[in-house]
Each structure stands twice: as structure tokens, then as C-alpha cells.
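Just below is one structure, and these are the notes that go with it.
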Amino acid sequence: MSNTAVLQTSLPGYNPKRGKVRDIYDLGDAILLVSTDRISAFDWILPTGIPDKGKVLNQMAEFWFKTLGVKNHMITTNVDEMPFPQGVDLEPFRGRSLLCKKTKVVPIECVVRGYLSGSGWKEYQNNGKVCGVELPEGLVESSKLPQPIFTPSTKEETGHDINVTFEETAQRVGLDVAQQLAEKSLDIFQRGSEYALKRGIIVADTKFEFGHTAEGELILIDEALTPDSSRFWPADRYEPGKGQPSFDKQFVRDWLLQSGWDRNSIPPQLPEDIVEKTREKYIEAFELLSGQKLQ
């Protein structure tokens, strides 16, 4: 494991698209997703990275793709099997690279909620619903829902994604695709969260992405059930009626909120102890869930 954060990668002759966390390379027949150690909060990419965070995301996605047995875009995570140009130093890519099939991405974030938290909790307080889904009265923050609900949102290039109803999703992508998205998302969430609970982790909510292959099949893409795409809570500390401790970037968010940063200018550098605590949480979540050591 490294003490140096990998904030970006480069391949001679390629111009990657850089997301908040991933560097995305179009290799012609396939896509190379490289999970860097960048971390974002409040829609800003922070100047400080979290060493090994990208490896956690990549190896956890690989673990879930294999464990869940759902059709997905993964080809390999072994860099020695990837079509890198001759003479490239593979070390920055080891443990954090995913070679995957090209798909036509469905422009919907498939959010599934098993518990009431975050924007869902705010919306419920206003109107008793989340994304148009009616919920029982009397729920409190972090309440377990009677059953998981599908609460999609749009995929925005900049700023926050926008929560939409199932009906609005169907208008955007067609009823058949919307139904497939809901069924697949709820099934994966159900199986993944049951597995995680046996390992001591509550998956409060998560988001999935799907894409169509050249043959028209709808498959799982991007990542699955990672600390960046999910709220993970330690099951032994669960206490409804308030916010929960979590296995993600909560240390970072909390520090930024009390730092005096105005959220409109470049964020401050993170202190070493916040970086280390966050790194430990990511690694702990991976090792708890997978039963494996981080490579």
C-alpha cells in the first residue's frame, strides 16, 4: 500500500476524459477505467487525494461483479492482460484499472434506498414521499424502509443530479427500459445488501449505472456497491432517529463544514489525520465486505 495519492494518470497518445474520480481511456474496442485517488465533496474535486482510495473502489467493484453474478461490463482487472502501448510503466495502473466493454450508457442514475437518509430524508420531511414514492407516516431519519425503493435521478454533466419519478424516467428512456432498470437495480441491491449485512455493514442506499451492449442487452456498468456510490453504515452502531457513522468520506465532509470554506472557491488542503482516517475507513469497508486484503 502507498502513502502517495495518484491524482491522475496518463498514457502516451491518449487524451483521457477525467471524471471526479476516474480517468477514462477509449482504447477503440474497449474502455479503460482507471480509479484515481481523487476525492470530491460538495461538487468540488479536492486538492488532496486519499492514498489507495482508487484501489479500494476498483477492487470492490471487481469483487461485487464476480460475487453478484449479474451481467456487467468487466473484461479484466489484470493490467498485464490489457492492450497498453509498448514501454508504458504499468505500476500507476496496477490494482486500480478496469478494462471493460463499450456500452451505450443509459442517462439515468439508478438509486435504490433501503433506509431514509440524505436527500430522501429531506424530501420525506417535506411531503412524505421520495421521488414520487409514498412512504408510511412517522418515519425518522435513518429509518429502515418497509422495502427498498427505486428512486432514479438524472445524470448531469455539472452540478447535482436531479431526482425524478419512475414516470419521468419512463418518458426519458422508454417504459420497457425503465422497468428493466428498476427490476435489475432492486434485485442487485437486495442481494448485495443481504450479503453485506452478514459482514456487519448496512447498505443504506446506493446507485447503479447501466448501458446497452452493441447487441442491445442491458448490463451493469461503472462500479457497484462501493463507498463512493453507497452509504455504508456499521450494523452494530445503527440507531434510527439521527445520522449514522459511515464508511465513506464523512470525515472529509465534516472537516470541510467546520473549516470555514465557503464552498464557492477552491477547497483547502486536507490535514494528514483526516486523509489517514478516511483512507482507513475505505480499506476497512473493502476488507470487511470482501474478506480479502487490498492488493
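The values are calculated or read from the model by the stated rules, or taken from the named source; none is laboratory data. In this text, all values refer to a predicted model and were calculated from it rather than measured experimentally. Glycine also receives a Cβ, built like all others from the backbone with ideal geometry; neighbour counts cover every protein chain displayed. With ligands, DNA and RNA removed, areas are computed over all heavy atoms of the protein, side chains included. Shrake-Rupley method; radii C 1.70, N 1.55, O 1.52, S 1.80 Å.
List of remarks:
- The stretch 1-119 shape via C-alpha gyration tensor axes, a/c threshold 1.5: oblate
- Distance from the C-alpha centroid of the stretch 70-134 to that of the stretch 229-283: 20 Å, rounded to the whole angstrom.
- Structural descriptor for the stretch 248-295: relative contact order 41 percent, calculated from alpha carbon pairs under 8 angstrom and at least 6 residues apart.
- Normalising the average separation of contacting C-alpha pairs (under 8 angstrom, six or more residues apart) by the number of residues puts the relative contact order of the stretch 75-202 at 21 percent.
- The chain - accessible surface per residue (Å², probe 1.4 Å): 48
- Paired Rg and Dmax values of the stretch 196-273, which use every Cα atom, in angstrom: 17.2, 51
- Binning the alpha carbon pair distances of the stretch 67-130 at 10 angstrom intervals from zero yields the distribution 15, 27, 22, 21, 12, 3, expressed in whole percent.
- Each of TRP44, VAL130, THR278 was placed along the dipole of the chain (beta-carbon charges, centred on the mean Cα), and the one lying farthest toward the positive end is THR278.
- Cross-link pairs beyond the 26 Å C-alpha cut-off, checked among LYS55/LYS102; LYS184/LYS277; LYS129/LYS198: LYS184/LYS277; LYS129/LYS198
- When the Cα positions of VAL203, VAL173, PHE251 are compared along the charge dipole of the stretch 165-252, PHE251 comes out farthest toward the positive end, with charges on each C-beta of Lys, Arg, Asp and Glu.
- Accessible surface of the stretch 31-109, 1.4 Å probe: 53 percent of it comes from carbon and sulfur atoms.
- Computed magnitude of the charge dipole of the chain (debye, nearest 20; Cβ of K, R +1, Cβ of D, E -1): 240
- Working from label points 7 Å from Cα in the Cα-to-Cβ sense, the ARG191 to ILE266 distance is 4.6 nm.
- Length released on extending from LYS17 to LYS102, taking residue separation times 0.36 nm less the Cα-Cα span: 29.1 nm
- Near-label residues of the stretch 82-119 by backbone N, under 19 Å of a point 7 Å along Cα→Cβ of LEU7: 92-93
- Using the Cβ-Cβ distance between ILE75 and GLU239 with R0 = 30 Å, the FRET efficiency computed as 1/(1 + (r/R0)^6) comes to roughly 0.10.
- Considering all C-alpha pairs of the stretch 166-295, those separated by over 22 Å amount to 52%.
- Expressed in Å, the radius of gyration and Dmax of the Cα atoms of the stretch 160-230 are 13.5, 39.
- For the chain, the square roots of the Cα gyration tensor eigenvalues, ordered a ≥ b ≥ c, give a/c of at least 1.5 with a/b no greater than b/c, which places it in the oblate category.
- Computed E for SER40/GLU134 - FRET, C-beta separation, R0 30 angstrom, nearest 0.05: 0.40
- Comparing THR77, GLY95, PHE63 along the charge dipole axis of the stretch 36-100, the residue lying farthest to the positive side is PHE63, per the Cβ-charge model.
- Here the relative contact order of the chain, from alpha carbon pairs under 8 Å that lie six or more residues apart, stands at 19 percent.
- GNM flexibility winner over the chain from ASN72, ASN126, ASN15 (Cα, springs under 10 Å): ASN126
- Rounded if a/c under 1.5, otherwise prolate or oblate - the stretch 123-173, Cα gyration tensor axes: prolate
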